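Below: the structure, in structure tokens.
The values are calculated or read from the model by the stated rules, or taken from the named source; none is laboratory data. Given the structure is predicted, the values throughout are model-derived calculations rather than measurements. Glycine gets a Cβ as well: all are built from the backbone with ideal geometry, and neighbour counts include every protein chain shown. For accessibility, only protein heavy atoms count, side chains too; no ligands or nucleic acids. Shrake-Rupley method; radii C 1.70, N 1.55, O 1.52, S 1.80 Å.
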Amino acid sequence: TGVMTIGYGFTGDEIKGRTFITESEASKELNEKINSSRYAGAVKKKLDKCGLSITQNKFDALTDLAFNAGSGVSDKAIDKFVSGGDSAILSYFKSIVHDGRGNVIPGLVKRRNLNCDMWTKGEYYDPY
């Protein structure tokens, strides 16, 4: 899409002036970002607000979704789960595969399949 990234999909001001990152640095930054109030914290806040307690793999699937698509999207996923259970959230995961122009992006299809497998089976793998 023409958006410059480094590491594990870092963009914007967080990479300003940087053109290289080691795998170790990228892993450290990813861990810090994922566990921040913006991603894992936002998921926990929404779950708490809904009075939900879920397994670690389900929490991880939602946190990955928040990191990849935004915490508003993971909030909507939780709402889908509350209203329709596993089948509703899995359908929602599979629907989040389009770019801003409505085109299906193969990488997002793989990522959403990972989210579904993480949610249902507790399977973690590199979708790429």
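The magnitude of the dipole of the chain, with charges of +1 and -1 set on the Cβ of Lys/Arg and Asp/Glu and taken from the Cα centre, is near 360 debye. At q = 0.21, 0.22 Å⁻¹, what is the log10 ratio I(q)/I(0) for the chain, with the Debye formula run over Cα points and no solvent? Each listed q corresponds, in turn, to -1.34, -1.42. Against the chain, whose longest principal axis comes from its Cα atoms, helix 23-34 is set at around 40 degrees.
Rolling a 1.4 angstrom probe over the protein heavy atoms with all chains in place gives the chain an accessible area of 60 Å² per residue. Across the range 102-107, rounded Karplus estimates of 3J(HN,Hα) from the backbone phi angles (6.51 cos²θ - 1.76 cosθ + 1.60, θ = phi - 60°) give x, 7, 6, 9, x, x Hz, Gly and Pro being marked x.
Computed over the range 75-128, relative contact order equals 24 percent, with contacts defined as Cα pairs under 8 Å that lie 6+ residues apart. The angle between the Cα long axis of helix 71-95 and the main principal axis of the chain comes to about 40°, on a 0 to 90 degree scale. The relative contact order of the range 1-92, computed from alpha carbon pairs under 8 Å that lie at least 6 residues apart in sequence, is 18 percent. What's the carbon and sulfur percent of the chain's accessible surface, probe 1.4 angstrom, rounded to a whole number? The value for the chain is 51 percent carbon and sulfur by accessible area. Tell me the net charge near Met4. Cut-off is 13 Å between Cβ atoms, Met4 excluded, with +1 for each Lys or Arg and -1 for each Asp or Glu. The answer is 0. Dividing the convex hull volume of the alpha-carbon atoms in the range 46-115 by its residue count gives 81 Å³ per residue. Only helices enter this figure: runs of n ≥ 4 DSSP H residues, each worth -39500 (n - 2.57), summed and divided by the residues of the chain, yield -20000 deg cm²/dmol at 222 nm to the nearest 500.
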